[in-house]
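Written below as structure tokens is the structure these notes are about.
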Ligand code: GLN
């Protein structure tokens, strides 16, 4: 436990030592930084005034957080938020922790032009991070988001309220499109659906497996592209001729996933890599005359 009267320098190094017991050094250092910031000591304070004593309330709070880190609970759930595309998202165990890959996708979409009045939809929105970031970068566009988990949708709506970003939230399941009442046509469809095969679970860390919602991550090995077929069906009825699709994908299933869209007559199908050079996204468009 961190002792009372610890200085900020000591607090920071204590955090780093403790977190290293659970995480690789690089990650531990960024988690330590997040905790310092959360407890009122951003780097601008602890680096400029390292000999200052941490408050006793803050030390109690830090000891509580460290105890939770030792249980393997991800820091984003412990603190209750994370940052994504420079926005703060409140999180709980009903929603996936937004990933840097997904943030990369948003930055790539942002480089394209969408005129004011365009409609965009995020299928399977979780915390709302994709939909709300799109609304932030394209304020003149109408953004919609679909989610089948009620507690996730409540969380996403709350994020929209806190960020003061206006998104139309729809409760519904992309695997049950006959029940969806979405009349609109869209210029952009985006999705980061579940794509990790259950057999790939053994390569994942316990802090993901035991704490994040499996519903948002996993698919059966016999049918790993189930959500991409649903996205394809949705696009065939809801994407405007000439409209664009962006999906995040399983790095090992790029060709198969792309083939789904080729077979259906989509154009400009491109498998794109993430910064780790893994096949991570697919973009495609509908022909201008429709399919
Ligand atoms: N990239 C995420 C992970 O590896 C998976 C996201 C998803 O299944 N859509 O944890």
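The values are calculated or read from the model by the stated rules, or taken from the named source; none is laboratory data. Since this is a predicted model, take the numbers as computed values, not measurements. Reconstructed Cβ throughout: ideal geometry from the backbone, glycine too, with neighbour counts over all protein chains shown.
From the list 180, 146, 153, which residue is surrounded by fewer than 21 Cβ atoms within 10 Å (Cβ to Cβ), assigned by TED's automatic domain parsing to the domain that holds residue 233 and touching a residue at least 24 places away in the same chain (Cβ under 8 Å)?
Values: 146 fails: surrounded by fewer than 21 Cβ atoms within 10 Å (Cβ to Cβ); 153 fails: surrounded by fewer than 21 Cβ atoms within 10 Å (Cβ to Cβ).
That would be 180, the only listed residue that is surrounded by fewer than 21 Cβ atoms within 10 Å (Cβ to Cβ), assigned by TED's automatic domain parsing to the domain that holds residue 233 and touching a residue at least 24 places away in the same chain (Cβ under 8 Å).
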*Is it the case that some residue within segment 271-279 is closer than 28 Å to residue 115 by Cβ, assigned by TED's automatic domain parsing to the domain that holds residue 203, in contact with a strand residue (DSSP E or B) (Cβ under 6 Å, 6 or more places away or on another chain) and not in a loop (DSSP other than H, G, I, E, B)?*
yes
*Output the residue which, of all residues in segment 183-197 that are in a loop (DSSP other than H, G, I, E, B) and within 16 Å of the ligand (Cβ to nearest atom), is surrounded by the most Cβ atoms within 10 Å (Cβ to Cβ).*
192
*asked:* Just checking, does segment 89-104 include any residue being part of a helix (DSSP H, G or I) and either outside the structural domain of residue 274 (by TED's automatic domain parsing) or surrounded by fewer than 16 Cβ atoms within 10 Å (Cβ to Cβ) (or both)?
replied: yes
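Out of all the residues in segment 53-77, which are outside any loop (DSSP other than H, G, I, E, B), surrounded by 19 or more Cβ atoms within 10 Å (Cβ to Cβ) and out of contact with any strand residue (DSSP E or B) (no Cβ under 6 Å at 6 or more places or on another chain)? Steps first, answer last, please.
Our first condition is that a residue be outside any loop (DSSP other than H, G, I, E, B); within segment 53-77, this holds for 53, 56-70, 75-77.
Still in the list and also surrounded by 19 or more Cβ atoms within 10 Å (Cβ to Cβ): 58-59, 62, 65-66, 69, 75-76.
The answer is 58, 59, 62, 65, 66, 69, 75.
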*asked:* For segment 78-87, give me the residue count where each residue is touching a residue at least 40 places away in the same chain (Cβ under 8 Å) and either touching a strand residue (DSSP E or B) at 6+ places or on another chain (Cβ under 8 Å) or crowded, with 20+ Cβ neighbours inside 10 Å (or both).
replied: 1
_Being out of contact with any strand residue (DSSP E or B) (no Cβ under 9 Å at 6 or more places or on another chain), near the ligand (Cβ under 10 Å from one of its atoms) and in a loop (DSSP other than H, G, I, E, B) is the filter here; which residues of segment 202-225 pass it?_
205, 212
